[in-house]
Structure formats: structure tokens, C-alpha cells
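Report on the following structure.
The values are calculated or read from the model by the stated rules, or taken from the named source; none is laboratory data. All values derive from a computational prediction rather than experimental measurement. Because the Cβ atoms are built from the backbone with ideal geometry, glycine has one as well, and the counts that use them run over all protein chains shown. Heads up: the accessible areas ignore ligands, DNA and RNA and are worked out on the full protein's heavy atoms, side chains in. Shrake-Rupley method; radii C 1.70, N 1.55, O 1.52, S 1.80 Å.
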Amino acid sequence: MKELSFSNNQELLSRLPNASVTYIPNFWSLQEADQIFSALQEETPWQHDPITVFGKTYMQPRLTALYGTDTKPYSYSGLTLHPHPFSKTLLEVLNRIQTVDSHPYNTVLLNLYRDGQDSNGWHADNEKELGPEPRIASASFGEARYFHIKHRRFKEHRYKILLEHGSLLIMGGVMQDHWLHQIAKTARPREARINLTFRKLI
């Protein structure tokens, strides 16, 4: 089934069933986004951990780091991450997000996609630590990559959004109950990308 690209078309995104999704390109200026990317790349204590999916364990195809305002761990795919205290850079990113979204985020998961072979398979952010109707604010810096989404029941609803350098994507409502998302591998040459997904652990 062909995927439709919804990049930069908020009107079309607003029509998706069982979804609340907002995409804001250029939320950070090019200069701001460049500075944030460089700071995060240099100061983050990146981890490369094994995960277990459908009973099979393998090395996660990307690097990660967890930060939080308290010591609550975050678990997914058999992996438990313990947070570092928020850095100055991350607090600045969160403060900017909260100019348009006042949700009380207290945790952020960072993902470093080193090249086109780094990826994140189909999943929903529906871990019990996130509570019902979790809200996710996703900030992207570095190489643009396609964010694929598909409805769990309505197979015709399958789309992709190009997450650009300095962009912000916000998902909320019942979206994690009804949709899956991924960053797929690509054979095309790709530079590094850093993605920050802010969430509230309960």
C-alpha cells in the first residue's frame, strides 16, 4: 500500500482518525537548531543497549540517553533506562516547546540515528509509565528522516511526515492506542540525526 506524505500540511494531519498530531517545521531557526544539535552530540552520554522484541534480543539500532526531573526509570522492550538530570541545553529546548504546549513533561528520551541504517521499528508510546492518552513532544535536529505512521485497524491510513532539522511534532489524545509509528532504515546516505521525545512519567 502506498504511503502518503503529509509533510507541512496541518490541515490534512488534523483529519486523521483517532489522532491528535501537530507538525511545526522550523520551530527553531537554522542557527538555533545547529547549535542544539552540536551541543547534544557532544555533551550526551550516549548508550548502546540490547533490547528484546518478540522474544529475540539484539543491539538497539541507534544510541539512546534518558533525562528526567526526578529518578523515575523508563522501560521498553526489556530495557530499563535510568535518567540523568536535565542539562541546560535540554531545559532550553523544553522551555521553547512550552511556549506552544504547556503539558508538564518531566522526562525526555534522546535517540541518535548515526546514519540511514539506524532505525526505530513499528511501535506505540503506550508504556504503563506514561498513563492513559500520553502526550509526546518530538523535537528533531540534524538529518531529516521520514516518520511513518499507520492505523492499527484502518489499513488504508498509512502516511509519512518528513521530520526536518529544527522541527517539532506533538502527538496526543488516543493516538498511541490507535496508531503505530517508526523511523525506517534507508539505503540512501544519511548524516546523523538527534531526536528528543519529551513525555510525562506518572
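Points worth noting:
- The set of residues in the stretch 93-113 being open to solvent by 30 Å² or more (accessible area, probe 1.4 Å) and either without any contact (Cβ under 8 Å) to a residue 40 or more places away in the chain or in contact with an Asp or Glu (Cβ under 9 Å, 6 or more places away or on another chain) (or both) consists of N95, R96, Q98, T99, S102.
- Matching residues, the stretch 44-71, being under 18 Å from L91 (Cβ atoms) and open to solvent by 80 Å² or more (accessible area, probe 1.4 Å): T69, T71
- In the stretch 53-85, the residue that is modelled with the lowest pLDDT out of those that are over 13 Å from R199 (Cα atoms) and aromatic (F, W, Y) is F54.
- Looking across the stretch 1-25 at every residue that is modelled with pLDDT of 90 or more and polar (S, T, N, Q), the one that is farthest from R135 (Cα to Cα) is identified as N18.
- Residues of the stretch 26-52 that turn out to be modelled with pLDDT of 95 or more and assigned to a loop (DSSP other than H, G, I, E, B), as a count: 8
- For the stretch 114-157, filtered to residues that are part of a loop (DSSP other than H, G, I, E, B), out of contact with any helix residue (DSSP H, G or I) (no Cβ under 9 Å at 6 or more places or on another chain) and among the acidic types (D, E), the residue that is least open to solvent (accessible area, probe 1.4 Å) is D118.
- Beta carbons closer than 8 Å, at least 6 apart along the sequence or on distinct chains, pair a first residue in the stretch 116-137 that is on the phi > 0 side of the Ramachandran plot with a second that is modelled with pLDDT under 95 for G131/I202.
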